[in-house]
């Protein structure tokens, strides 16, 4: 992988604690940059053999022992950052770590910014941008499936898919640009079936990547489900059931829930942020009215709304308190308390509305609800080969799709080879943004600022 150059890239030496702050059995201090050899001699009193763990004393400026531990030297370019790297593994006490870092800073290093080690690995060609982002995603993974998907991205599977697609785009672009040179010939090269076949292959490949990336986005960010409905229909009980704990107070008194309650659960590996809201009804209570206002506000931001009704009160089906602004997200109507009406759990469509009958009290029908939530957002729990994609990846893929479609239209409708080739160039540029081949420095700053210090 080629080395990249950033306007913000410097050649100073950086240092940071690479393990979590606080007390622990072991703490690791990581140093990277041109002063590593000097720091190694000053702190350890000797030169280390590459990649060989050595037990040594760590010493301060007065040649006093600060700590005793393991030191490992990784010479460039065979290191995480591509620079000389020194790792000092000592006892995990905050004071000890501070003393070691203080000594290293005295020798000319500076404290690393969040994500600066990973940023240098990217800039030095040790990994592309998608892989660098996967480092942070692996650390922050909220489930086993998310961790596996992040590891696939870190190992380069996502990047290889993007590069493979990009090669197809480049090949077709070259073909079209070559065909433009023969525009005056009797043979119409732009009508060649090979071009149409390549465009179709690119579109199919792109759709496959988008589907996997979308699944990965669900794993990384989760979805937001807002529970709404009139008072005393079982909204808080549903929150408690899905959460597996008593998050909300449940009583027979209408208006018990007056503020927004939140919890985080996993549904077959998909993270879901559940929000319970105040009961929707007419009220003169100022506090309750504020709760209702907040309920509508949360529904407007939701990925899916779970509108709960009382199965013993059929009239509720014809009187829902929903805002017209909710057209952007699916609404699942839930008929709760079927244990009071002797109904069986079922999912049916009523006048275009999906209605799921269940009992939160007994748990009957809850699986129907979970499966329908996943289907509404397009999540597949058994999907293989998915990547823990970010929103910027999805945006870049969407722009790529737009340019590919535009290229196809320019060829089929206008016979405009130049414009078709330009659309493919823009598609290529969008794909390269994912791996960081074309990336602005300000974007890099935003991405790596979200990383841990020392990573």
Inset, instruction - Name the residue, out of 398, 374, that is surrounded by fewer than 17 Cβ atoms within 10 Å (Cβ to Cβ) and either without any contact (Cβ under 8 Å) to a residue 60 or more places away in the chain or under 31 Å from the mean Cα position of the chain (by Cα) (or both). - result: 398
Legend entry - In region 241-290, residue modelled with the lowest pLDDT [restricted to those that are within 31 Å of the chain's Cα centre (by Cα) and closer than 16 Å to residue 321 by Cα]: 278
Inset, instruction - Name the one entry in 61, 71, 37 that is over 26 Å from residue 118 (Cβ atoms) and in contact (Cβ under 8 Å) with a residue 24 or more places away in the chain. - result: 61
Inset, instruction - Report whether or not residue 146 is surrounded by 16 or more Cβ atoms within 10 Å (Cβ to Cβ), at pLDDT below 90 and not in a helix (DSSP H, G or I). - result: no
Inset, instruction - Return yes when residue 28 is touching a helix residue (DSSP H, G or I) at 6+ places or on another chain (Cβ under 7 Å) and touching a residue at least 40 places away in the same chain (Cβ under 8 Å) and no when it is not. - result: no
Legend entry - Candidate set: region 336-371, residues that are touching a residue at least 60 places away in the same chain (Cβ under 8 Å) and under 23 Å from residue 266 (Cα atoms); chosen: the one surrounded by the most Cβ atoms within 10 Å (Cβ to Cβ): 360
Legend entry - Residue selected from region 203-241 under the condition in a loop (DSSP other than H, G, I, E, B) and in contact with a strand residue (DSSP E or B) (Cβ under 8 Å, 6 or more places away or on another chain), by the criterion surrounded by the most Cβ atoms within 10 Å (Cβ to Cβ): 233
Legend entry - Residues (touching a helix residue (DSSP H, G or I) at 6+ places or on another chain (Cβ under 6 Å), assigned to a loop (DSSP other than H, G, I, E, B) and buried (at least 23 other Cβ atoms within 10 Å of the Cβ)) located in region 94-126: 115
Inset, instruction - Looking at (1) within 28 Å of residue 332 (Cβ to Cβ); (2) at pLDDT 80 or above, find the lone condition where residue 380 falls short. - result: (2)
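The values are calculated or read from the model by the stated rules, or taken from the named source; none is laboratory data. Note that this is a predicted model, so its numbers are computed, not measured. Using ideal geometry, Cβ is built from the backbone for each residue, glycine included, and neighbour counts are taken over all protein chains shown.
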